[in-house]
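Asker: First, the structure itself, so that you have it in front of you.
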Amino acid sequence: MDKLIITVAGVGAETTKEAQPALPVTAAEIGADAARCREAGAGMYHLHVRDAAGSPTQAREVFAAAIAAIRERTDIIIQTSTGGAMGMSADERLQPLELDPEMASLTTGTANFGDDVFFNDTALMTEFYTRMQKKGVRPEFEIFEAGQMDNALKLVKQHGPAGPLLHWDFVLGVPGSMSGEPRNLVFLVDRVPPGSTWTATGIGRWHMPVAMTALALGGNVRLGFEDNIFLHKGVKAKENAELVGRVARLAREWDRECATPDEARRILKLGQYAAS
Ligand code: KMH
Ligand code: ZN
């Protein structure tokens, strides 16, 4: 079994400082957070950014500042978000791709997201996918609903690969979309094409059930304040690294070590694809 890749979704677009005072929002805070998470066992950082008022933004220059701050401190893989926040236009959401990140998230279908709708129609996902393909940015298919897997596979069939393997993230437990019950993750993982890599994310109270199911199935784990702010019921985590440390410790109990960023790059075969 490959080493465990822990991805930290440390910032997100929906979590507020009021809800989680340790939420990193400035470039300096994000850089320091990524470095502490890397020390605790993380190999990848799923990056959202905030403007000066703390609101979500996809502005290229804000991403550039956060990426520079992370790079000053650590070699963690940086995966920029193309999901952004609810209600953002496709052009807004695409901005971080101009910075040539190693990876970027890509949701292949519309989903209910709490009381909102996370909009990703065919035209949008095709544009996002082909842009990533042209730039040589590896997509992480962020799957909230089962049919989104079919859409991703259709994109690959119609437009060709965007890398030597497909990488999936099953995000379970968003209110209005698929829950984090173990059988849901088993169902999705069962449909993963051979040679793929995958990670799983449990939202809110689903964090630990999904993380433990992913470990049992031999997959990877995403966690962080974008997805869950609590260490225990009613007890907020002191920092993202605390959540990383717990999963790293539990994985070690099962004789599974955490992948360093470079080991994760090898597992994901990053850097082995020339832009078309
Ligand atoms: N903020 C959510 C609406 C992604 O990063 O690609 C979407 C999201 C997905 O976070
Ligand atoms: Zn995200």
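Asker: Condition first: closer than 22 Å to residue 246 by Cβ and free of Cβ contacts under 8 Å to residues at least 40 places away in the same chain. Now tell me which residues in the stretch 22-34 satisfy that.
Answerer: Scanning the stretch 22-34 gives a single hit, 29.
Condition check ((1) over 20 Å from residue 106 (Cβ atoms); (2) of a type outside the set (Val, Ile, Thr); (3) under 13 Å from the mean Cα position of the chain (by Cα); (4) away from ligand 1 (no atom under 12 Å from the Cβ)) across all residues:
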position: 1; (1), (2), (3), (4): yes, yes, no, yes
position: 4; (1), (2), (3), (4): yes, yes, no, yes
position: 14; (1), (2), (3), (4): no, yes, no, no
position: 20; (1), (2), (3), (4): yes, yes, no, yes
position: 25; (1), (2), (3), (4): yes, no, no, yes
position: 79; (1), (2), (3), (4): no, yes, yes, no
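Asker: Check residue 63 against each of (1) in contact with a Ser or Thr (Cβ under 7 Å, 6 or more places away or on another chain); (2) under 26 Å from residue 4 (Cβ atoms); (3) away from ligand 1 (no atom under 12 Å from the Cβ) and name the one condition it does not meet.
Answerer: (2)
Asker: Still on this structure, please answer the following. Quick one: is residue 125 buried (at least 17 other Cβ atoms within 10 Å of the Cβ), in a loop (DSSP other than H, G, I, E, B) and over 16 Å from the mean Cα position of the chain (by Cα)?
Answerer: It is false that residue 125 is buried (at least 17 other Cβ atoms within 10 Å of the Cβ), in a loop (DSSP other than H, G, I, E, B) and over 16 Å from the mean Cα position of the chain (by Cα).
Asker: What are the pairs, 6+ residues apart or on separate chains, where a residue within the stretch 109-123 that is among the β-branched types (Val, Ile, Thr) has its Cβ under 8 Å from a residue that is more than 9 Å from ligand 1 (Cβ to nearest atom) and part of a helix (DSSP H, G or I)?
Answerer: Matching pairs, first to second residue: 122/151.
Asker: Given the options 102, 140, name the one that is surrounded by 21 or more Cβ atoms within 10 Å (Cβ to Cβ), among the acidic types (Asp, Glu), touching a residue at least 60 places away in the same chain (Cβ under 8 Å) and closer than 26 Å to residue 35 by Cβ.
Answerer: So the residue among 102, 140 that is surrounded by 21 or more Cβ atoms within 10 Å (Cβ to Cβ), among the acidic types (Asp, Glu), touching a residue at least 60 places away in the same chain (Cβ under 8 Å) and closer than 26 Å to residue 35 by Cβ is 140.
Asker: Kindly indicate the residue of the stretch 1-18 that is within 16 Å of ligand 2 (Cβ to nearest atom) and of a type outside the set (Val, Ile, Thr) and also nearest to residue 266 (Cα to Cα) among those meeting that condition. Let's see the steps before the verdict.
Answerer: Here is the first cut: in the stretch 1-18, the residues within 16 Å of ligand 2 (Cβ to nearest atom) are 6-16.
Filter again for of a type outside the set (Val, Ile, Thr), leaving 9-10, 12-14.
Details: 9: 21, 10: 23, 12: 26, 13: 29, 14: 32 Å.
Among them, the one singled out is 9.
Asker: Taking the criterion of being basic (Lys, Arg) and buried (at least 19 other Cβ atoms within 10 Å of the Cβ), would at least one residue in the stretch 203-211 satisfy it?
Answerer: no
Asker: Just to check your reading of the model, which residue among 224, 204, 219 is closer than 28 Å to residue 269 by Cα and out of contact with any His (no Cβ under 9 Å at 6 or more places or on another chain)?
Answerer: Residue meeting the stated conditions: 219.
Asker: Exactly one condition in (1) within 20 Å of residue 12 (Cβ to Cβ); (2) touching a residue at least 12 places away in the same chain (Cβ under 8 Å) is false for residue 208; which is it?
Answerer: Result: residue 208 passes all but (2).
Asker: Among (1) within 15 Å of ligand 1 (Cβ to nearest atom); (2) among the hydrophobic types (A, V, I, L, M, F, W, C); (3) touching a Gly at 6+ places or on another chain (Cβ under 8 Å), there is one condition residue 49 misses while meeting the rest; what is its number?
Answerer: Tallying (1) within 15 Å of ligand 1 (Cβ to nearest atom); (2) among the hydrophobic types (A, V, I, L, M, F, W, C); (3) touching a Gly at 6+ places or on another chain (Cβ under 8 Å), residue 49 fails exactly one: (3).
Asker: Out of 28, 22, 53, 69, report the one residue that is more than 16 Å from ligand 2 (Cβ to nearest atom), part of a helix (DSSP H, G or I) and surrounded by fewer than 20 Cβ atoms within 10 Å (Cβ to Cβ). Working first, answer last.
Answerer: Details: 22 fails: part of a helix (DSSP H, G or I); 53 fails: part of a helix (DSSP H, G or I); 69 fails: surrounded by fewer than 20 Cβ atoms within 10 Å (Cβ to Cβ).
Every option except 28 fails the conditions.
Asker: Something else about it: Hey, can you tell me all the residues within the stretch 105-117 that are surrounded by fewer than 21 Cβ atoms within 10 Å (Cβ to Cβ), in contact with a strand residue (DSSP E or B) (Cβ under 8 Å, 6 or more places away or on another chain) and among the hydrophobic types (A, V, I, L, M, F, W, C)?
Answerer: Within the stretch 105-117, 117 is the sole residue that qualifies.
Asker: Looking at this structure, is residue 264 of a type in the set (Gly, Ala, Ser) and in contact with a Leu (Cβ under 7 Å, 6 or more places away or on another chain)? Steps first, answer last, please.
Answerer: Numbers: of a type in the set (Gly, Ala, Ser): yes; in contact with a Leu (Cβ under 7 Å, 6 or more places away or on another chain): no.
So residue 264 fails the test.
Asker: Can you tell me which condition residue 43 does not meet? The list is (1) outside any loop (DSSP other than H, G, I, E, B); (2) buried (at least 16 other Cβ atoms within 10 Å of the Cβ); (3) within 15 Å of ligand 2 (Cβ to nearest atom), and all the others hold.
Answerer: (3)
A short reminder: the numbers here are calculations on the coordinates, not readings from a lab. All values reported here derive from a predicted model rather than from experimental measurement. Don't worry about glycine lacking a Cβ; one is built from the backbone with ideal geometry, like all the others, and counts go over all protein chains shown.
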